[in-house]
């Protein structure tokens, strides 16, 4: 398809071409063979073991042609080896096709005590927790999730010391666990991530808060352009949630996608009280004004309200500056 | 996996199921929205599966501020005289076969009397014979042919033509084949249903990407001629209730401040 300016674009259709199915079968066979070859390579060549073991985790392309590079003996992943989080578990069963989500809990994580799970997705939401909450010494990391996908390769390159998703617990109040997601989770990993994470927690008595962000350009409203001011917070809650949200509810035709949607779906069908907040912002990188918006969400987190307010009184301005200057 | 909203799961025994195929222009989903909205169907459950891209939103059929905060997820069922499955997000490509299996096994287990798949296909890929007459076509499985084949023929509906394997070439050995370009899982689901001896019909419309609301009305009116979902005396789009989620289908209006 040619655009007005003469560029040639491939036409994208939401429908899957029926003929692709047959090709897909073939692709699957090829990928399976490549995986087997790759596994054989790992164990036969000890010198390259580190790189070769990581390569399938980092070469998550659906295209067989890219993967063929690895099978042909070129073991260097698209992301440099030094950028791989050092604690990423090396699991021979993790293949390119399966795009597994691996959860690892540290000793003494004791997740059964958790009654409040706070999940932050997106750069502003994750930065808000980093700046406003996790700067206190009373938080300790209790686990992390390792994700292999194409989107995380860039993130690997930027933050070599931090995995895509980390769980923190407050030493004084073990009932609260924070999950900070700063990496990218593929569409076909989101359901699996949610099932695995929630499978580790006791469902009875659990309440969940999700903080997420979205570009304001995706917000649809009849009179948005004239009346709204960014950033602003909107929320959506499951039927079992009884709290009175401190911000307006998301209205039609806006939707939640990604991890917030996967979490809300899971909690809706499992009757776990959950509120998801989405901050619409026009800033493309984390900024303090957008982060401030999330404070509103923390005024309704049930019995931990006073506890969170204690943290939120400290703005950590200096830290914000350091953080933003990176 | 079907998860009922209430403690007692609904019985779908001998019900008619209508479901959309995620296809070109999302015509089928729009048509299903019209059916659910017009018949004021209530939600009875979710199809919770890893085969669909996660998505949630407020009630798509909200008529007042009170119901606007209700949560709706990827797929849902509503029940009255018939059951309708709405699918609100794309199928993850690598799991489309699994999704078809999930659907077929659920349809069999629930005991639906018949299943109607609404779908669409690329208008630009029609061959000469498909260009003739109405853009609406149907397909029925052998099991469905026995029960409803005559009714559809009497309505004057046109069956989806098979296309030659090598257009333009005369090859006596190549058999014409069924092709639904842009139809998503339509062909796969139809083929699976034939093998599983399900009572299934596909009703589809040829269309192009763009404003597909008129196509949705065409499709749902066509379906109504057969299933008589609403009173056929009313003419035109007035008999169908457009849901609130159809607002701003093409984004926000222009910001006045730019002038």
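The values are calculated or read from the model by the stated rules, or taken from the named source; none is laboratory data. All of these numbers come straight from a predicted model, not from anything done at the bench. For neighbour counting, all protein chains shown are included, and Cβ atoms are generated from backbone atoms with ideal geometry for every residue, glycine included.
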Response to the item:
If you go through B:120, B:164, B:89, B:94, the only one that is at pLDDT below 90, touching a strand residue (DSSP E or B) at 6+ places or on another chain (Cβ under 9 Å), within 14 Å of chain A (Cβ to nearest Cβ) and surrounded by 15 or more Cβ atoms within 10 Å (Cβ to Cβ) is B:89
Discussion item. Residue B:149 - would you say it is in contact (Cβ under 8 Å) with a residue 60 or more places away in the chain and under 23 Å from residue B:107 (Cβ atoms)?
Written reply: no
Practice prompt. Would you be able to say whether some residue in the range B:21-44 is surrounded by fewer than 24 Cβ atoms within 10 Å (Cβ to Cβ) and closer than 16 Å to residue A:268 by Cα?
Written response: yes
Worksheet item: So which residues in the range A:99-142 are buried (at least 17 other Cβ atoms within 10 Å of the Cβ) and on the phi > 0 side of the Ramachandran plot?
Response: A:99, A:122
Discussion item. With the structure loaded, tell me whether residue B:253 is more than 26 Å from residue B:139 (Cβ to Cβ), buried (at least 18 other Cβ atoms within 10 Å of the Cβ), within 14 Å of chain A (Cβ to nearest Cβ) and over 18 Å from the mean Cα position of the chain (by Cα) or whether it fails that test.
Written reply: no
Worksheet item: Taking the range B:52-86, which residues are in a strand (DSSP E or B), modelled with pLDDT under 85 and under 27 Å from residue A:248 (Cα atoms)?
Response: B:71, B:72, B:75, B:76
Item to complete: Please work out which residue is nearest to the other protein chains (Cβ to nearest Cβ), limiting yourself to the range B:1-51 and to residues that are modelled with pLDDT of 90 or more, assigned to a strand (DSSP E or B) and closer than 28 Å to residue A:192 by Cα.
Response: B:20
Worksheet item: Is it the case that residue B:197 is part of a loop (DSSP other than H, G, I, E, B), over 28 Å from residue A:254 (Cα atoms), touching a helix residue (DSSP H, G or I) at 6+ places or on another chain (Cβ under 6 Å) and away from every other protein chain (no Cβ under 14 Å)?
Response: yes
Worksheet entry | Boolean, residue B:169 is under 18 Å from the mean Cα position of the chain (by Cα) and either farther than 17 Å from residue B:125 by Cβ or part of a loop (DSSP other than H, G, I, E, B) (or both) | no
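Residues checked against (1) over 18 Å from residue B:34 (Cα atoms); (2) away from chain A (no Cβ under 14 Å); (3) in a loop (DSSP other than H, G, I, E, B):
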| site | (1), (2), (3) |
| --- | --- |
| B:143 | yes, yes, no |
| B:148 | yes, yes, no |
| B:153 | yes, yes, no |
| B:203 | no, yes, no |
| B:206 | yes, no, no |
| B:211 | no, yes, yes |
| B:216 | no, yes, no |
| B:225 | no, yes, no |
| B:238 | no, yes, no |
Worksheet entry | Which numbered condition residue A:269 misses (of (1) at the interface with chain B (Cβ under 10 Å from one of its Cβ atoms); (2) in contact (Cβ under 8 Å) with a residue 24 or more places away in the chain; (3) touching a strand residue (DSSP E or B) at 6+ places or on another chain (Cβ under 7 Å); (4) within 21 Å of residue A:204 (Cβ to Cβ)) | (2)
